[in-house]
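Peer 1: Just passing along the structure, written as structure tokens.
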Amino acid sequence: MRVIRINKIDEFRNVSTIVREVLREGGLIIYPTDTVYGLGCDPLSERAVIKIFKLKKRKLEKPLPVLISNLEIGKRIAYFNKLAEELAKEFWPGPLTLILKKKRIIPDVVTGNKDTIGIRMPNHEIALAIININNGMLIGTSANLSGRKPPITAEEAVSQLGNVDLVIDSGKAPLGIPSTCIDLTTVPPRLVREGAITKSLIERVLGEKLL
């Protein structure tokens with residue numbers, strides 16, 4: 001396992017080749033985001049995705065979220081409705097995960113054989129740089145064992161998961177709590193998880209109550 005400490009985005013260019021090679025070879029990486037530390041791989045590599053399920057001891061029917069580097073990538077992998085556009089404009093990049101109908105580019109193993117996908121654009125320069133290297137998308141599940149507390153430092157992540165191919169350590173995650181998650185495939189939208197963004201704030205933006 002290789003651990004690389006990066007404190008500033010300017011330092012990322014020195015390790016970008018290493019990150020790219022690990023992801024292209026189906027490797028797993030622990031990396032920082034604005035919310036908690038993530039465990040990532042190329043979402044288009046079914047072999048790598050299955051390794052994440054095994055490492056986290058996560059049931060295959062439980063979907064994995066995908067982080068994106070920009071809205072256009074989001075529209076490549078999911079169908080955006082009007083509400084999704086409004087929420088993305090208001091809260092991205094940031095701690096809001098949107099559940100939308102997925103497009104066929106994403107393998108079914110990522111979404112637990114469901115026709116929906118959770119996507120988010122994190123507000124973290126180093127995370128975005130890592131995601132951008134991998135064609136703008138990266139598995140974005142928290143770097144913890146299933147059911148355990150999401151880690152806010154690289155050390156906490158490694159203590160739970162053990163060896164992965166690469167660890168990017170950028171200190172403590174700024175927010176320290178998971179993203180808020182909204183299902184936009186229901187009418188009205190449904191609050192799946194309240195995290196860094198409050199339910200009341202989202203309701204004010206949407207102008208309607210959430211389930």
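Peer 1: Please report, as a whole percent, how much of the solvent-accessible surface of the chain comes from carbon and sulfur atoms (probe radius 1.4 Å).
Peer 2: About 48 percent, which is the carbon plus sulfur part of the accessible surface.
Peer 1: Compute the distance from the alpha-carbon center of segment 171-211 to that of segment 105-136, in whole Å.
Peer 2: 18
Peer 1: Once you charge only the Cβ atoms, +1 for Lys and Arg and -1 for Asp and Glu, what is the size of the charge dipole of segment 80-211 about its Cα centre, to the nearest 20 debye?
Peer 2: 420
Peer 1: Skipping prolines and chain starts, which residues have an amide H placed within reach, meaning under 5 Å, of the one on VAL3, given they are 5 or more residues away or on another chain?
Peer 2: Residues meeting the criterion, in which the H sits 1.01 Å from N, are VAL167.
Peer 1: Separate question: Note down the net charge around SER69, summing +1 for each Lys or Arg and -1 for each Asp or Glu among other residues with Cβ under 13 Å from its Cβ.
Peer 2: +1
Peer 1: Give a residue-ordered list of calculated ³J(HN,Hα) values for segment 122-138 (Karplus: 6.51 cos²θ - 1.76 cosθ + 1.60, θ = phi - 60°; whole Hz; x for Gly, Pro).
Peer 2: x, 9, 8, 4, 5, 4, 5, 5, 5, 4, 4, 4, 9, 6, x, 8, 7
Peer 1: So which trypsin sites (Lys or Arg not before Pro) in segment 50-141 pass both tests, a DSSP loop state and at most 13 other Cβ atoms within 10 Å of the Cβ?
Peer 2: Counting only loop positions with at most 13 other Cβ atoms within 10 Å, the trypsin sites (Lys or Arg not before Pro) in segment 50-141 are LYS57, LYS59, LYS103, ARG104.
Peer 1: Quick one: putting +1 on the C-beta of Lys and Arg, -1 on the C-beta of Asp and Glu, what dipole do you get for segment 13-102 around its Cα centre, in Debye to the nearest 20?
Peer 2: Rounded to the nearest 20 debye, it is 420 debye.
Peer 1: Among LEU138, LEU191, ALA154, whose Cα sits farthest toward the positive end of the charge dipole of segment 103-192 (+1 at Cβ of Lys/Arg, -1 at Cβ of Asp/Glu, about the Cα centre)?
Peer 2: So the residue we want is LEU191.
Peer 1: Starting from the Cα gyration tensor of segment 1-137, take the square roots of the eigenvalues, sort them a ≥ b ≥ c, and report rounded, prolate or oblate (rounded when a/c is under 1.5, otherwise prolate if a/b is larger than b/c, else oblate).
Peer 2: Note, shape of segment 1-137 comes out oblate.
Peer 1: Oh, and also: With θ set to phi - 60°, apply the Karplus curve 6.51 cos²θ - 1.76 cosθ + 1.60 along segment 103-117 and write out the HN-Hα couplings as whole Hz, x wherever there is a Gly or Pro.
Peer 2: With the stated coefficients, segment 103-117 comes to 9, 5, 4, 8, x, 4, 4, 5, 9, x, 6, 8, 9, 10, 9 Hz.
Peer 1: Starting from the Cα of LYS101, step 7 Å along the direction of its Cβ; do the same at GLU25; then give the gap between the two resulting points in nm.
Peer 2: 4.1
Peer 1: Separate question: Could you calculate the contour length gain from GLU208 to THR116, that is, 0.36 nm times the residue separation minus the distance between their Cα atoms, to one decimal place in nm?
Peer 2: Fully extending the segment from GLU208 to THR116 adds 30.9 nm.
Peer 1: While we're looking at this one, here's another question. Tell me, what HN-Hα J-couplings in whole Hz come from the Karplus equation 6.51 cos²θ - 1.76 cosθ + 1.60 at θ = phi - 60° for each residue of segment 150-161, using x for Gly and Pro?
Peer 2: Computed from phi, the couplings for segment 150-161 are x, x, 10, 9, 4, 4, 5, 5, 5, 5, 8, 9 Hz.
Peer 1: Let me ask something additional. Please list the non-local residues whose amide H lies under 5 Å from the amide H of GLY112, H modeled 1.01 Å from N, same-chain partners needing a gap of 5 or more.
Peer 2: Amide H neighbours of GLY112, under 5 Å, 5+ apart: LEU64.
Peer 1: Still on this structure: What accessible area per residue, rounded to a whole number of Å², is obtained for the chain using a probe radius of 1.4 Å?
Peer 2: Normalised by residue count, the accessible surface of the chain is 47 Å².
The values are calculated or read from the model by the stated rules, or taken from the named source; none is laboratory data. Note that this is a predicted model, so its numbers are computed, not measured. Every residue, glycine as well, gets a Cβ built from its backbone with ideal geometry; the counts of neighbours run over all protein chains shown. We work out accessible area using only protein heavy atoms, side chains counted, and drop any ligands, DNA or RNA first. Shrake-Rupley method; radii C 1.70, N 1.55, O 1.52, S 1.80 Å.
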